[in-house]
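Step one of this worksheet: look at the structure below.
What follows is calculated from the coordinates using simple rules that are stated; it is not laboratory data. Predicted model only: the values in this text are computed from it and were never measured. Because the Cβ atoms are built from the backbone with ideal geometry, glycine has one as well, and the counts that use them run over all protein chains shown.
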């Protein structure tokens, strides 16, 4: 599979591994794209999994609406459901990083019957995140989310000087040169940058999730994450009513799929094999 469709949109997707293997769907974050999973995928394939990594809404050129309301969480979840339906699998193992983790949590709430497991790398449960915003220091970590609500200015900052300033920011945040270039390159186009920022602009318009997750869940937290604090990580367990695994990566940064791909693949494989039915 190289593409899948939902309504008028066409999404690009990488597929690797045996067609009859258990299916793992990998959801990237901001400002990444599906290439963020390329270092993890070989280990998953070697373990017998069918792996699908899409460019999500706004990152796929054929699925790039420009209105902020097009990026509310139910739309993002519906995109993933369309991919899961296209795979033909009754259930999948869903893994997300950063914004992809937020979508994975929301999908677990909306469609638990389509999941074997859900795994989030770095992103806490949304209710834990919100609680930490009010009762902890998460707001200090997330100051940029408010800035991204401004019109036109954030995407202008991303595309300025051919993306050079934005690339330098990513390098300072811990990404290596190759990864930073892979993510900056498509966002040099103003429409692509606007679409990526619209994930943040759609957040205030998204309905909150309610209740707790009811499928086996794993959350991997990096203590060196500049964007996500420890309180939300501690609180996430309170919002899972199912087998729950918490992994803490000491000194690691926000960019776990790029920084520790072999270890992240090992954890995903273990979690998936433990909850295969």
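Whole number please: convex hull volume per residue, Cα atoms of the chain, in Å³. Dividing the Cα hull volume of the chain by its residues yields 113 Å³.
DSSP beta bridges fully contained in the chain are about 25 percent antiparallel.
Return the FRET efficiency for the residue pair residue 246, residue 67: r is the Cβ-Cβ distance, R0 is 45 Å, and the value is rounded to the nearest 0.05. List each step's numbers first, then the result.
Numbers: r = 37 Å, r/R0 = 0.82.
Calculated value: 0.75.
With the cut-off at under 16 Å, measuring from each backbone N in the stretch 43-64 to a point 7 Å along the Cα-to-Cβ line of residue 15 picks out 45, 49-55. First measure r as the distance between the Cβ atoms of residue 171 and residue 277, then evaluate 1/(1 + (r/R0)^6) with R0 = 41 Å and state the FRET efficiency to the nearest 0.05. Plugging the Cβ-Cβ distance into 1/(1 + (r/R0)^6) gives 0.40. Estimated at 0.36 nm per residue, the fully extended path between residue 178 and residue 234 surpasses their Cα-Cα distance by 16.9 nm. Rounded to 0.05, the FRET efficiency of the residue 1 and residue 212 pair, given R0 = 30 Å and the Cβ-Cβ distance, is 0.40.
Please report the antiparallel percentage of DSSP beta bridges with both residues in the stretch 96-255, rounded to the nearest 5. The partial results should precede the final answer.
Working: 0 of 13 bridges.
Within the stretch 96-255, antiparallel bridges account for around 0 percent of the total.
Working from label points 7 Å from Cα in the Cα-to-Cβ sense, the residue 266 to residue 164 distance is 4.1 nm.
Counting other Cβ atoms within 10 Å as a rough exposure proxy, the listed residues 12, 20, 176 run 20, 176, 12 from fewest neighbours to most. Based on the alpha-carbon gyration tensor of the stretch 22-78 and its eigenvalue square roots a ≥ b ≥ c, which shape applies: rounded if a/c is under 1.5, prolate if not and a/b is larger than b/c, or oblate? Note, shape of the stretch 22-78 comes out prolate.
The order of 159, 87, 117, going from fewest to most other C-beta atoms within 10 Å of their C-beta, is 87, 159, 117.
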